[in-house]
Amino acid sequence: MRFVLLIILLGFPAVDIFVTVRFAEWTGTPVWFWFAAGLLAGWSLLRNERMTFRAKSHAALSGHAPLLSSLLDSGRKVLAGILFLLPGILSDIAALLLLALPINLTSRLQPQAGGGGSKVFDGEYRRIE
């Protein structure tokens, strides 16, 4: 089992770099452009998430935001930033897929409290038969 894990850990970067070189030849762009674009994207994502994590954790500790969804969202972005920092286009695609996951969808769909602080929804309805 350890041998298989070692092959996967050492083989993925090699395959990733090989695929990036082939993709760069196919598109006609230099290989360093793909490496630099991933490095820049990962660095900026990690830098922005560092500042955002402080605000999210402060809001969660003061009771204004749920703690678990904030940590899950920040962890997802940090993992995507680390994947962007790895050289290669396969890890960049994995990072983009990780960022595209709609993890915080439930917190956006919850009803917000009105001006009076009550959670009662007023409205009219009619039955359609």
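The values are calculated or read from the model by the stated rules, or taken from the named source; none is laboratory data. Predicted model only: the values in this text are computed from it and were never measured. Reconstructed Cβ throughout: ideal geometry from the backbone, glycine too, with neighbour counts over all protein chains shown.
Which one of the conditions (1) over 12 Å from the mean Cα position of the chain (by Cα); (2) surrounded by 15 or more Cβ atoms within 10 Å (Cβ to Cβ) does Arg22 fail to meet, given that it meets all the rest?
(2)
Taking the condition at pLDDT 80 or above, under 24 Å from the mean Cα position of the chain (by Cα) and outside any loop (DSSP other than H, G, I, E, B), does Arg108 pass? First the steps, then the outcome.
Values: at pLDDT 80 or above: no; under 24 Å from the mean Cα position of the chain (by Cα): yes; outside any loop (DSSP other than H, G, I, E, B): yes.
Answer is no for this residue.
Given the conditions (1) without any contact (Cβ under 8 Å) to a residue 24 or more places away in the chain; (2) closer than 27 Å to Pro102 by Cβ, report the number of the one that Leu10 does not fulfil.
With respect to (1) without any contact (Cβ under 8 Å) to a residue 24 or more places away in the chain; (2) closer than 27 Å to Pro102 by Cβ, Leu10 is out only on (2).
Residues Gly63, Gly11: which one is more than 23 Å from the chain's Cα centre (by Cα), outside any helix (DSSP H, G or I) and at pLDDT below 90?
Gly63
Condition (residue is within 13 Å of the chain's Cα centre (by Cα), exposed (fewer than 13 other Cβ atoms within 10 Å of the Cβ) and not in a helix (DSSP H, G or I)) applied to the range 85-102: is it met by at least one residue?
Within the range 85-102, one or more residues are within 13 Å of the chain's Cα centre (by Cα), exposed (fewer than 13 other Cβ atoms within 10 Å of the Cβ) and not in a helix (DSSP H, G or I).
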